[in-house]
Amino acid sequence: MTRIRSVVFVLLTCLLTGLTSRAADKPANLDKFAQCLSQKKATMYGLFWCTHCKDQKDLFGDSFRFVPYVECGIPGSRGETQQCKDLGIKKTPTWIFSDGEHKEGLLQLKDLSSKTGCTLP
């Protein structure tokens, strides 16, 4: 009977550890932060095939729907839109801020917060 209790205890511990780590992997609700970025006129420019762009989007989780985003890729090709060429987008992701500054590459949320004044949860 003691052996069965030990096995049950170990299984429950493993289950709870798995659930806890899975919850920790999920991004926090960043809706208000993403909406603030929009209000502050911070826009992300990216390409649908860009892995760093995917990583940037993943930092926001479901809240990315509130982030101003411009797709620079032309569907069905590896071409880029004229709009992105005209803006001088060379690397993606590129963030353009209301002051006209361009920042290339994946930006951490704390860096976006510092640049825009938007508060992270």
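The values are calculated or read from the model by the stated rules, or taken from the named source; none is laboratory data. Just so it is clear, the structure is predicted and the values come from calculations on it, not from any experiment. Don't worry about glycine lacking a Cβ; one is built from the backbone with ideal geometry, like all the others, and counts go over all protein chains shown.
Restricting to segment 65-105, give me the number of residues that are in contact with a Leu (Cβ under 8 Å, 6 or more places away or on another chain) and among the hydrophobic types (A, V, I, L, M, F, W, C).
Final tally of qualifying residues: 5.
When you go through (1) in a loop (DSSP other than H, G, I, E, B); (2) over 24 Å from GLN35 (Cβ atoms) one by one for LYS85, which number turns out not to apply?
(1)
With the condition kept exactly as written, say whether any residue in segment 65-87 is under 18 Å from the mean Cα position of the chain (by Cα) and among the polar types (S, T, N, Q). Show your work before the answer.
Taking segment 65-87 first, the residues under 18 Å from the mean Cα position of the chain (by Cα) are 65-72.
Applying the additional criterion that residues be among the polar types (S, T, N, Q) yields none.
No, segment 65-87 has no match at all.
From the list ARG78, ARG22, which one is in a loop (DSSP other than H, G, I, E, B), charged (D, E, K, R) and modelled with pLDDT under 95?
Values: ARG22 fails: in a loop (DSSP other than H, G, I, E, B).
Only one candidate passes the filter, namely ARG78.
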